[in-house]
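The values are calculated or read from the model by the stated rules, or taken from the named source; none is laboratory data. Only a predicted model underlies this, so the values are computations on that prediction, with no experimental measurement involved. Counting neighbours? That spans all protein chains shown, and the Cβs are built from the backbone with ideal geometry, glycine included.
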There are 2 protein chains.
Amino acid sequence: MELVYRYIEEHQDMYVKWLQDLCQIPSVSTQNRGIQEASQMVADFLKQQGGCTEIIATTGHPVVYGHFFSGDKKTISFYNHYDVQPEDPIESWHCDPFAAEIHGDVLTARGSADNKGALMARICAIHAYQQVYGELPINVKFIVEGEEEKGSLNLPDFIEKHPDKVQADLCIWENGIIYSDKSIELKMGTKGILYIELAAKGANSDMHSLNAAIVENPAWRLVWALSTLKDQEEKVLIDKFYDRVLLISDDERKILESMDYPEEETLQRYGLNQFLLNLTGTPLKEKLIFQPTCNICGIYSGYSGEGSKTVLPSEARAKLDFRLVPDQDPEEIVQLLREHLDRHGFEDIEIFARKGTRAAKTDPGHPLVVKVMQAAEKVSGKPPQKVLMNPGSGPMYRLCQQFGIPTVGFGVGNSDSRKHAPNENIYVSDYIYGIKMVAAVIREFA
Amino acid sequence: MELVYRYIEEHQDMYVKWLQDLCQIPSVSTQNRGIQEASQMVADFLKQQGGCTEIIATTGHPVVYGHFFSGDKKTISFYNHYDVQPEDPIESWHCDPFAAEIHGDVLTARGSADNKGALMARICAIHAYQQVYGELPINVKFIVEGEEEKGSLNLPDFIEKHPDKVQADLCIWENGIIYSDKSIELKMGTKGILYIELAAKGANSDMHSLNAAIVENPAWRLVWALSTLKDQEEKVLIDKFYDRVLLISDDERKILESMDYPEEETLQRYGLNQFLLNLTGTPLKEKLIFQPTCNICGIYSGYSGEGSKTVLPSEARAKLDFRLVPDQDPEEIVQLLREHLDRHGFEDIEIFARKGTRAAKTDPGHPLVVKVMQAAEKVSGKPPQKVLMNPGSGPMYRLCQQFGIPTVGFGVGNSDSRKHAPNENIYVSDYIYGIKMVAAVIREFA
């Protein structure tokens, strides 16, 4: 493997340039920006490495599919996405979110950590491996979708129409963290997600706020409705919300306890005095990994500009995401939420729900998963950091778990990568290190 | 008076043009737009009618003061403002809010009803009266401020520094409505106002919403805090909030009962099924005129754009206005609110309060007020519509009631003028009619 590692080091400027090229495309899926350019560039990269590549249309954004076929061997698939979150709030960025500037060891760009860095590390590893050894020792598939940041709306349809393309012995999930001691995070599951919008409607136009004495204010309706959803102890108050939540096994608890979580670092970085409910240690990790959430992503009504405006708003809206755990069912949660609102007298509050995703977990003892762990230990000289479930979300259940495909995620982010936030970034050195990790996994499977 | 009325009719195109000129200046005080131009134009209009005119600087926007001195006679003052509300949301306007377009009898412009129409009607009446009779039979003062729409922040200082300029036997307040049967609304008081902003703060930047499991969300803090302020029966829950609210006298109740309120018309216009709490008749009017409010003017946090963004916001803010009634004290309310939030565990929620204004009421039996009523009846042939308190607000307490100056407000708006909302408008015919009303009041005082 030293030959491959050296090749990677010798060509790191080129590999960094490839990543910058992709990061410079503002492929914000919720705003339909840069989709065509980004999908084309990913397809071109795959083709250049010799993959059979297709850009497969969906009713939304296309899926880029690449296949490197080597014969009757094990198949691993890489799941990634070429879309990114919106860069808003733009004023909080230190530099242009799509310039992919490098200062020192830091590459700053929307999408660099989530997950263009991981995607390009995989493509670069294929390149380096082939340059050194001529051909790949396993079959490799790339499934690169363009709607992950808007809930993978059309991936289920893709999966249904192309069951052959989805089949694999192991799926490597989109991304993960490299810790400051160079140990590698391996994620063996992911929370599910349900994204909804609540809307309260009042008059057909904004009114002078003198009318607040006699006309209902939808902002109050929304506030009252929201306040019934969760109490200040962070307990979700929707009836039966927790009914399907699985208990943690003893094995899971052991891995959870051994999992590192950088408490002090996180508090300091985000200027926090404490975590929610003053949690710390294993209870904190348990809440992060195994508990569902009910989060306000956005709320807006009336006047939000400078200074004052005395207005009675005509509408109020909130965007919420629920991070789900096994075996919660997003469709059922929508139903429970509707019943909850009705029961509390909020029949007037409308729910606009996106199609959700269930959570997924992989058995950490699966032989192929163990191989990935071994590769990580070889690259870093340290045991990997096992995370049983990524507290973020993704379509892992649909793409893998429903077919019994084990899944491990790793990537090139760091614990200050600011995914979904201003100044998203990765370390260039982690990116290079991540390319080596992918090469090591390919080798381990040979 | 027929001579003056005819002169007004013959010169109505000119008077309308004058109003359009003023409406075309976007004098949005909360955004510091068009202030210099608007104050200069008002001063020019006053000078052209022969008034001794000054533009008096304050630490905020200047006050335009005009004085028409006729000798040892009664003095009436006109209180108006040259500033307007922001035009936001701009996309809901049928035409440019500052084009002052006229279609049929309707002039649409931000500020046309509140209160540039009333201001110009007064200036035009002075013009017409002098053109016909040579000189005014009374002393007239104009006090035209530029910060009414942001709470008249610097008017108290102006009043303190220029007590002579404020003195008058009667003050005509900024505006009012002309009903479809041409009866004239006379407002003999106004609610007070307190405008505050609440802020909840979390991490020092937005975070990926996966962190919602372990990091406090300021949007939830704000929602929970707001939900403690008012119950769904519209009762404000701040301790002692109602303690100073005066009971309604029998005389006031009689006037209240005789007051017209266009229930059906209002419901239809704003697409409402019912008023708050299904109120109707006298209880509805009582709530509108005599009850204080606690209204959400705006609430915002996190992502409000198209589609979804999974974010844990770093901050949440709400703008609230309280309409106050005699004898509530805005400074005391801020104190009560602070105590309320602290008592409910929301010490972390910050309050940013603007200087408030107390409510004001004038005795409807005051002899000079009766004269205005008589003028209104002469112009319209109908008894005026007496409103004991304007459910909107203004600095009437500071400018008049604290000095014992009786106050009556009337103007050129209509019940669909959409003040503070998109498509603010007046009828051109009401504007001309309003000029006549001002002339009739001057005559009545002669």
**Request:** Among the residues of the range B:191-245, count how many are more than 8 Å from chain A (Cβ to nearest Cβ) and either among the aromatic types (F, W, Y) or more than 36 Å from the chain's Cα centre (by Cα) (or both).
**Result:** 2
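Please specify each residue of the range B:50-78 satisfying the condition of being in contact with a Leu (Cβ under 6 Å, 6 or more places away or on another chain) and buried (at least 16 other Cβ atoms within 10 Å of the Cβ).
Hits for the range B:50-78 are B:T53, B:G60, B:G66, B:F68, B:I76.
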**Message:** in contact with a strand residue (DSSP E or B) (Cβ under 9 Å, 6 or more places away or on another chain), closer than 18 Å to B:E174 by Cα and at pLDDT 95 or above: is that true of B:V325 in this structure?
**Reply:** no
**Message:** Can you confirm whether A:A212 is surrounded by fewer than 24 Cβ atoms within 10 Å (Cβ to Cβ) and more than 30 Å from A:V106 (Cβ to Cβ)?
**Reply:** no
**Prompt:** Is it fair to say B:K386 is under 29 Å from B:G151 (Cβ atoms), in contact with a Leu (Cβ under 9 Å, 6 or more places away or on another chain) and assigned by TED's automatic domain parsing to the domain that holds B:D169?
**Reply:** yes
**Message:** Consider the range B:246-275. How many of its residues are part of a loop (DSSP other than H, G, I, E, B) and away from chain A (no Cβ under 13 Å)?
**Reply:** 6
**Asked** When both residues are 6+ apart or on different chains and their Cβ atoms are under 8 Å apart, which pairs have a first residue that lies in the range A:390-403 and is farther than 24 Å from B:A212 by Cα and within 14 Å of chain B (Cβ to nearest Cβ), and a second that is modelled with pLDDT of 90 or more and assigned to a helix (DSSP H, G or I)?
**Response** none
**Asked** Among the residues of the range B:324-363 satisfying the criterion of being buried (at least 19 other Cβ atoms within 10 Å of the Cβ) and farther than 20 Å from A:T310 by Cβ, which is nearest to the chain's Cα centre (by Cα)?
**Response** B:K361
**Asked** Does A:E185 count as touching a residue at least 60 places away in the same chain (Cβ under 8 Å), over 30 Å from B:P422 (Cβ atoms), surrounded by fewer than 24 Cβ atoms within 10 Å (Cβ to Cβ) and among the acidic types (D, E)?
**Response** yes
**Request:** Determine whether the range B:153-161 contains at least one residue that is farther than 27 Å from B:Y433 by Cβ, crowded, with 24+ Cβ neighbours inside 10 Å and not assigned by TED's automatic domain parsing to the domain that holds B:A316.
**Result:** yes
**Message:** Looking at the range B:287-304, I want the residues that are over 23 Å from B:W220 (Cα atoms) and facing another protein chain (nearest Cβ under 7 Å) and have a partner that is at pLDDT below 95 and in a loop (DSSP other than H, G, I, E, B) with Cβ atoms under 8 Å, at least 6 apart or on another chain. Which pairs are those?
**Reply:** B:L288/B:Y261
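So, B:K141, is that one farther than 23 Å from B:I255 by Cβ and within 16 Å of the chain's Cα centre (by Cα) or not?
Details: farther than 23 Å from B:I255 by Cβ: yes; within 16 Å of the chain's Cα centre (by Cα): no.
The answer is no for B:K141.
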**Unique residue being within 30 Å of A:S205 (Cβ to Cβ), surrounded by fewer than 24 Cβ atoms within 10 Å (Cβ to Cβ) and in the same structural domain as B:K182 (by TED's automatic domain parsing) when the list is B:G392, B:G381, B:G404, B:G411** = B:G392
**Asked** Of B:K235, B:K254, B:K240, which residue is loosely packed, with under 14 Cβ neighbours inside 10 Å and closer than 23 Å to B:K187 by Cα?
**Response** B:K254
**Which listed residue, of A:R317, A:R343, is within 26 Å of A:A199 (Cα to Cα) and more than 11 Å from every other protein chain (Cβ to nearest Cβ)** = A:R343
**Message:** Test of understanding: among B:L222, B:L229, B:L279, which residue is within 29 Å of A:A318 (Cα to Cα), hydrophobic (A, V, I, L, M, F, W, C), surrounded by 16 or more Cβ atoms within 10 Å (Cβ to Cβ) and touching a strand residue (DSSP E or B) at 6+ places or on another chain (Cβ under 6 Å)?
**Reply:** B:L222
**Prompt:** When you go through (1) more than 30 Å from A:L237 (Cβ to Cβ); (2) more than 7 Å from chain B (Cβ to nearest Cβ); (3) modelled with pLDDT under 95 one by one for A:T310, which number turns out not to apply?
**Reply:** (2)
